[in-house]
Every structure is written in structure tokens, then in C-alpha cells.
Amino acid sequence: MPFRRGEMPDRETILRFVTEHPEQATKRDIAKAFGLKGEARLELKTLLKDLENDGLIERHRKSLTRPGSLPAVTVLEITMRGPDGDLIARPAEWPEDKGVAPSVIVRQSSDAGARGRGKGKKPSTAAGLGDRVLARIFPAPANKGPAYSARVMKILDRRAGAQLGVFQPMPDGGGRLLPIDRRGDEFVVDSDFQGEASEGDLVEFEPVKLGRMGLPRAKVISVIGNVAGEKAISMIAIHAHGIPHIFPQNVIADAEDAKPAPMGNRDDWRDIPLITIDPADAKDHDDAVYAEEDTSPDNEGGVIVTVAIADVSWYVRPGSPLDREALKRGNSTYFPDRVVPMLPERISNDLCSLREGEDRPALAVKMRFNREGKKVGHRFHRVMIRSAAKLSYQQAQAAIDGQPDAKAEMFLEPVLKPLWHAYGVVKRGRDKRQPLELDMPERKIVLDDKGRVDKVIVPARLDAHKLIEEFMIQANVAAAETLEERKQALIYRVHDTPSLAKQEVLREFLGTLGLSLSRGNLRSNSFNGVLERAKDQPYEVMVNEMVLRSQSQAVYQTENLGHFGLNLRRYAHFTSPIRRYADLIVHRALVGALRLGEGGISPKDEADLDDIAAEISTTERRSMVAERETVDRLIAHHLSEKIGEQFEARVAGVTKSGLFVKLERLGADGFVPISTLGRDYYIYDEAHQALTGEKTGLGYRLGDEVEVRLVDAIPLAGALRFEILGEGRKMPTATRSFHKSGRARRSAGKQPGTRPPRGRR
């Protein structure tokens, strides 16, 4: 209904305004749009607070958005044509816990395809099916198809409309293509379209318009490899997500032509005994460290920590073939059986690897900390270093623990002990800062020589790991502070405060355990208090899991919102330019702002920082999903020969359709359909994260330990299905009567169709 200026709009009008003005939806914008003044502004504040508490809007600092809405600039994948022939896209990455990704109708732009053109080449043609594009998002008119429209800004990657499947021959010729995605379709391949495919081959194919009855038909385009062979599983994720894994010839040539950096105007730090501390199997070393006591009389008891990072900006110049390919990849992607690097081996493993005893260029920062661990000063230098030693985490830790090997013993007194002393000082500052301290051990898959799962381990978390991590964090902070002081635009690593809606879900859950979460201006230590109270309790694991789920996703952007998890006001990635494009941009910004020589940030990069941040945030999420899916498939392959075996597990997710369980030893995820829980009506209680039998009062809750039997494994999809052995535990009365309040109730017989949301810090 129409509103006169000065009148308070109703809830629906406010929600429509926020939806239609995603870039102009602060409280001030809304008040100005509706002409609200004086007491009306106070009334508006109350109304907006109510909408937040109801989960209908989310606050990102001052801006308001609708939950599940798309950012103003995002990466899309064009997937189909609409009824009128319009291109329809979906966001390249979309959190599973937000449901189905919204569809977007695509409008073309005259400058589409500008990104990635070589100098002197003609503009690319308009975007088409299968392309990944960077686009500006607009709300579409109501009741007219997709919720959003988009204007293409750049074509990031052109992809043919090929799909992936596994070929299985049929006795009478031809074969079938089994989907690699659990929601994919099966296709028939006629013998004329089979190509070189044989049984078990992972192939690229495209649908063909043959026949109108039965399964759809397809044509094999190329054979990638056999799924039974070594390293085939990660190739599924690489191809499915379009991760570039073969360097173009001009990129290889650019890398091979690179010459070692000269001394030039660099500071000569080759006599400083910087050392690298990395995993034992690391092939590249991009950071080296050294520490000493601060002898300055005005900093008694303080320390100086030096962090030197490989000077990738010297070799990878803006606009070069190396640079364009690095931006396209965004980051290195790590699988159990391989790494898809951001940069060619000549750069990452040779010229920019801080090898022991070899001269290497670096960008370094010296940081001064007082006795309480507070950073009181820092300065960046462009230097030439010579790493004194390459040690593994285990070597360094063993030396500190009194069991040094011959090599580590040489550096124990002059280097390692001062490093550990400095860490003790810096840790005092960390302890006061109180970053979020989740206890979520990470599992590592160990493969045999045939690329199959040998075992799954939980590596020990050593002080050596924590030392390097904290020194890198402090170097990242120093980089952000320096660039801000110089008024140099940069890309921040941002971790926003949890949304109010997620906070309320967590509070409701904690309330069922007798725990509470403070309201108002939350900080990371607010969650630490909850985690501490849950420590050594039966519900410790599920509290850690729920706190993790409540967190926002970390992203790259040019607007500084701070890093909530680390409890830092400003933070930028600086310490891994070999494997993250964000760090390379920060290096260039420092070189330019501090006038440290060649390889500084270009005017074009500065103008494109928003677009670059959106691109690399997407490539990071792409890698995370691909890595996770590969682990799921490897574990499913490993367990496919263990159908019927029993395992110890823990309930990792509760839904209306059943339970998600995680195997304690392997860390594998699987599903238990509600239809297998017993002959009872099961009540889904979101607050308690529980399913409870209406008649028996027995049920299951997040974090419960259970015995399960493996019923089915689908290796290509990475899917596992289990059944629970034995009965559930007696549930609290509140959960048994919860359906009376109007919450959902599910009976045995329903089958699942979803996977659990999985967070990652």
C-alpha cells in the first residue's frame, strides 16, 4: 500500500525496501527514504530490531540485508536458458545450510569478457551457457521469474557444456554414464558416440537430442582416466568444479624465463639465521622466522620477531601471463593425493622457495613486542636472505622437548630457544586478546602407493605449529596496519560477527543444556566462555560444533569489518603469496606504498580490488568444496568393501529426515534415514537438536555416541548410508512433547534428500 512521507512503514514495506536496495539499506537510508524524523526514527530502530530478532533481516555492521540474499557483486555460473531464451545463472558457491541457491536472469554488458584478454586482442563475445562470470546483482521485479537479475561485468572462465560421468558398457554395445553427483542423471551412450571409453572410465560428455523416451542420451567427448586408477578421485572434483590444473604454454614460458632476483637496493640479511619450520613433506617454503631479545632500554623484557616471506611480487608482475593465471586459480588447492598449485613449480618450488643455504629475495617485517606481548612497533624491509636451516615441526618441537637430532641441535641455543621465548611473550598478548578457541581436531588422510586410503590420522597439535601460526598472524596484522597508515587500498581478510539469527539459534540450543550466551556486543571471548563451561562435559563436542555453525564465513573484501574469530580490528593475508592471490596483492600494495622498488600494485589492480576480492573469495570456496568432496569420495571408496561392518560414530547433524553421523576413527560422514530408527513417530526438536520417538520417548541428539552398521556406499558420489544399532537414549520431557508447540513431526518411512551443512573456519 502507498505511504506518505513521514509515516511509519509497515514490516512488509521495510522488507521490500531492504530487498530492492541491497546497497542502500542502513537505518539512516531507510529513515531518509520514508522521511522519518524525531520519535519516528526511534520507532524505526525498534522495528528493525524486531525484524532482526525474527530472522527476517541480517545486519552486517550498519547495512541490512535479507537472509540468503546475494551480495552486490558475485560470481555466477550460467546453467540454462529460461522459457523466453534468457540466460539463467546461479551463484558459483552457495552455503548448503541456506537451502536452494537463488536463480538469476543474466543481462549482458558491452565490456563483458574484458578480464583475461591479451593485449591487442578483440573483446570476447557475450557470455553463454557454461560460463563463469563476475556480475553485479540487482533485485528483479516481483512476480516475474527469478528473484535477481545480473549485469555481466567480466567473463572469468569459458566452459563448454560438458558434464562428467563414469562409463559402464552394455552387452549389446554402447553403455551408460553413471553420474558423479548424487543428484545427477544417468545417460545412455550409443556405440557410435562411445569414443575410446571403456569400463570404469571417467569421461567428459555432452547431452545429445536423440530420442524422446527412456533415459537421456549423451556423447563422450574425452576420457579423463579410470576411476580405479591412482589419483582419479581428485580429478573428478577438479573437472566438476572447473579448477584450472594445466598451465598454458605462455604461463610456463613466463615462469621458465624468470631469472633470480638481483640484490639491487635490497637490505642484505643473509647473515641473519632465519629458519623455515614446515611440514616434513613440504616442497615449498614461503616463510622464515627469527627472534631475539629487544635490547632497547625503553622495552625491557620485550622481544623482536622477524618474519620473512618469499618475494613473489618480484617475479609475478601485474598483467603478465603468470599473473592472469594466478588470479584465475585464486589459490592452490590441496587434495590428499596432489596439489593444484597457483603458480608453476619454477616459481613456487624454486625461485620463491626459501631453500636452506640459498640466496632468496623476501619481503620481511621486524616486529617489536613488549613484555606483555603487545606489539609496540614494526617495520617492513625488502631483503635478500639465506635460510640457515630447514626444520620440520616435529624436529623443532623434539629439540625444545630435549630430544634434538644432530641438525636441530646446532640451532637449539642460537635460534630455537629464542623463538620459543619470543612465542611465550607474544602468547601473553594472544591470551589477553582471547581469539575464538574451538576444539575441532582436523583429520588427515594417508594414502598408499596406489592412491587408496591407508589410514586416517589426527596429527598432534604442537607448540611449534602454534608458534608459526601466531607469528604469521602478527605479520598479517602489521601488513594491514601499514597499508592503512599509508592510505593504500588493500584487500582485507574479513570475518564478520555472527548474524543475529544464528546467535538466537545457538542461544536456544545452549539453553537446553543450561548454558547461556550473552547478548549485546558479542566478542570472541563470549563464545570462549561457553566452550570453557562445556569442557569435559558429555555435550562438549556438540557445543563446539554448534558454535562453529553459528560463525560467519571468512571472505576477502576491501571494506574492513575486522576479524571476529581472531578478535582483531584489522587483518590482511600477507604470509603465503605462493599459494594465495590475496597475499600477492598485499605484497604489491606494500612494495608500492613503501616505495620498495619494482613490482608494486598497478593502477588497474587498485581500480579492480572489489572485483578481485569477489573472485578470490569464490575460488577459495570452490577449492574448499572440491577438497571436501574428494575426501568424501576417497572414504566412500575405502568403505565400499566394508558393507555390513559396524563402526563407532557420533551424531553430527539432526534433521527432519534423519541423522547425520560421523565415524569416530575415519571422520567420514554418513546418513541414517528416519525410516530405520524404529516403528515410532519421531519429533524433530530444532532447539535441542534432537529426534525423539513420540511413544517410547527414546531418541537421539547432536553429539550422541552411537554404534552404526554400514548399509550402502556410493563411491562416485561420496555418499554413505548407515543404520543405528540399538535403541536411543531417554530424552528430556520437553523434547517428547515438543510437537504440541507446532514444530515439525516426522514418522518412520520418509527418505532423506539432503546433506548436512558443514562449516569450516
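The values are calculated or read from the model by the stated rules, or taken from the named source; none is laboratory data. If you're wondering where the values come from, they're calculated on a predicted model, not measured in any experiment. Cβ sites come from the backbone with ideal geometry, for glycine too, and all protein chains shown count toward neighbours. Areas reflect the complete protein model, heavy atoms only, side chains present, ligands, DNA and RNA absent. Shrake-Rupley method; radii C 1.70, N 1.55, O 1.52, S 1.80 Å.
Observations, loosely collected:
- When the charge dipole of the chain is built from unit charges on Cβ atoms (+1 for Lys and Arg, -1 for Asp and Glu) and taken about the Cα centre, the candidate among Ala399, Ala593, Leu513 whose Cα reaches farthest toward its positive end is Leu513.
- A straight chain from Arg729 to Ser296 at 0.36 nm per residue would run longer than the Cα-Cα distance by 149.5 nm.
- Built amide H within the under 5 Å cut-off of Ser602, gap 5+: none
- Cα-Cα pairs of the stretch 163-282 separated by more than 25 Å (percent): 49 percent
- Span from the the stretch 624-659 Cα centroid across to the the stretch 400-425 one, whole angstrom: 41 Å
- Among residues other than Asp278 with Cβ under 12 Å from its Cβ, the summed charge is -2 (Lys and Arg +1, Asp and Glu -1).
- Binning all Cα-Cα separations of the chain at 20 Å, short to long from zero, yields these whole-percent fractions: 14, 45, 36, 5, 0.
- Close amide H contacts of Ala25 (hydrogens built in the peptide plane, cut-off under 5 Å, sequence separation of 5 or more or a different chain): Leu64.
- For the pair the stretch 281-324 and the stretch 510-549, the centres of their Cα atoms are 36 angstrom apart.
- Whole-angstrom Cα spans of the stretch 604-710 along principal axes, big to small: 67, 37, 19
- Pairwise centroid distance, computed over Cα atoms, of the stretch 703-731 with the stretch 575-619, Å: 46 Å
- At full extension, Asp463 and Val223 could sit 81.7 nm farther apart than now, given 0.36 nm per residue minus the alpha carbon distance.
- Potential lengthening of the chain between Leu522 and Arg486 amounts to 9.9 nm, from the contour at 0.36 nm per residue minus the alpha-carbon distance.
- Applying both filters, DSSP loop and at most 16 other Cβ atoms within 10 Å, to the GluC sites (Glu not before Pro) of the stretch 626-670 gives Glu641, Glu645, Glu664.
- Charge dipole (debye, nearest 20) of the stretch 224-361; +1 at Cβ of Lys and Arg, -1 at Cβ of Asp and Glu: 1020 debye
- The residues of the chain present an accessible area of 47 Å² per residue when probed at 1.4 Å with all protein chains retained.
- Cut-off under 5 Å, modelled amide H: who pairs with Thr696 long-range: none
- Over the chain, dividing the summed -39,500 (n - 2.57) contributions of all DSSP H runs of at least 4 residues by the number of residues returns a 222 nm mean residue ellipticity of -8000 deg cm²/dmol.
- Whole-percent carbon and sulfur share, accessible surface of the chain, 1.4 Å: 47 percent
- Relative packing of 42-50, 414-422, which averages over residues the other C-beta atoms within 10 Å, highest first: 414-422, 42-50
- Each of Leu87, Ala388, Ser552 was scored by the projection of its Cα onto the charge dipole of the chain, and the greatest displacement toward the positive side belongs to Leu87; charges sit on the C-beta of Lys, Arg, Asp and Glu.
- Applied to the stretch 651-664, the Karplus parametrisation 6.51 cos²θ - 1.76 cosθ + 1.60 on θ = phi - 60° returns per-residue 3J(HN,Hα) values of 5, 9, x, 10, 9, 5, 9, x, 10, 9, 10, 10, 5, 4 Hz, with x for Gly and Pro.
- Think of the chain as having a plus end and a minus end, set by charges on the Cβ of Lys, Arg, Asp and Glu; of Gly302, Val543, His239, Val543 sits farthest toward the positive end of this dipole.
- Simple Cβ-charge dipole of the chain, Lys/Arg +1 and Asp/Glu -1, about Cα centre, in debye nearest 20: 2660 debye
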